[in-house]
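The values are calculated or read from the model by the stated rules, or taken from the named source; none is laboratory data. From a predicted model like this one, the values you see are computed outputs, not experimental measurements. A quick note on method: Cβ atoms are made from the backbone with ideal geometry, for glycine too, and the neighbour counts reach across all protein chains shown.
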Amino acid sequence: MNLVNIVEHLLHLTKAEFGFEAKTTTTTSDEIFASQQLFEILKAFKHSCFNELHTYDSLEFDDEYDDMMDDDSSDDSDDFEENQDPDIRNYFTLEEKKSIVEWIDQHPNYTISSILHRFRKVKSMTYIKIFREYISQNGSNLEEKTQTGLDKFRSVFPNQKSELLIFPEGSTGYVQPQDLSLFRSWKFIHKKIEHYTRINRTMINMSDHQYFINMQSVIHNQLSAPSFKNLTKSGFINAGIIDETIEELGKPKDICFKFYDLYCSMNNYENRTLLICAWCKKHFCHYHLIEKIHIHL
Ligand SMILES: [Zn+2]
Ligand SMILES: [Zn+2]
């Protein structure tokens, strides 16, 4: 790739689009600085990473569990909203941090812009500094933690046959059964309820405290219904804890939120349906479900 050709063509494009602006006689220091920055980017092309721009591997996780989950729960990005103050340490797994730092160390000639382009989740070079600190601290912390954990473990389980296993950081989402099933559905129902209250401008006539308790109790009670037995079980299967196959997987999306009766069964068609109870299959509005708390024991 010939850099001069690129610059000549760039000049042509710039003149064609911005040539009408009167040319000032001298180049300002800001303009020189901007050119130097562009030149750094241009040099990155020379180091052939231009060819890689379309081929690098993204570090984004594909959510392989999505196909068995509720569609709406795939936007779990509320856990790490980009415009919220990002907690850099937790946003990346230890493995990701290590692999990024390792890659940078192996490619000392790459410029900052090409690094940021390659790892889209890395927003600035400050991240790399934090990663390095984290990796060096975490290595020693893990050893310490393991030792303390082992001491405590032995005091409770003195038998040498008992073994302490520590899951590596970042693995919870893959091995904790409820992370693989129930929590997503829980969030899904929660979102639906919140959505309903916003759309219908529902008046809530109780304290926040009581409202929260009622809502969580109702969600828990709904997900405890027999229709969701397989859903809960699927988490244990995906985590590799039990070895079974499931034929039908009931999801809240189909069981609670596919309804044709648009009004609550409990009064004279005054309130909109929020969900169908997974236990009794009646239609409930927000008031009768949550404020009057509809629970099956
Ligand atoms: Zn019911
Ligand atoms: Zn009602």
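Quick notes
- Residues that are without any contact (Cβ under 8 Å) to a residue 60 or more places away in the chain, β-branched (Val, Ile, Thr) and closer than 26 Å to residue 115 by Cβ, drawn from the range 1-41: 4, 6, 7, 32
- Against the numbered list (1) assigned to a loop (DSSP other than H, G, I, E, B); (2) outside the structural domain of residue 229 (by TED's automatic domain parsing), residue 135 comes up short only at (1).
- Unique match (being touching a Pro at 6+ places or on another chain (Cβ under 7 Å) and assigned to a loop (DSSP other than H, G, I, E, B)) among 246, 241: 241
- Count of the range 250-275 residues, restricted to those that are part of a loop (DSSP other than H, G, I, E, B), closer than 15 Å to residue 218 by Cβ and more than 11 Å from ligand 1 (Cβ to nearest atom), is 4.
- Residue in the range 54-71 that is of a type in the set (A, V, I, L, M, F, W, C) and at pLDDT 50 or above present: no
- Taking the criterion of being near ligand 2 (Cβ under 8 Å from one of its atoms) and either modelled with pLDDT of 95 or more or among the aromatic types (Phe, Trp, Tyr) (or both), the only residue of the range 265-285 that qualifies is 284.
- Per this entry, residue 162 is not counted among residues that are hydroxyl-bearing (Ser, Thr, Tyr) and in contact (Cβ under 8 Å) with a residue 60 or more places away in the chain.
- Candidate set from the range 276-296 (those that are more than 32 Å from the chain's Cα centre (by Cα), surrounded by fewer than 18 Cβ atoms within 10 Å (Cβ to Cβ) and within 11 Å of ligand 1 (Cβ to nearest atom)); member that is nearest to residue 218 (Cα to Cα): 296
- Residue in the range 219-236 that is within 19 Å of the chain's Cα centre (by Cα) and outside any loop (DSSP other than H, G, I, E, B) present: yes
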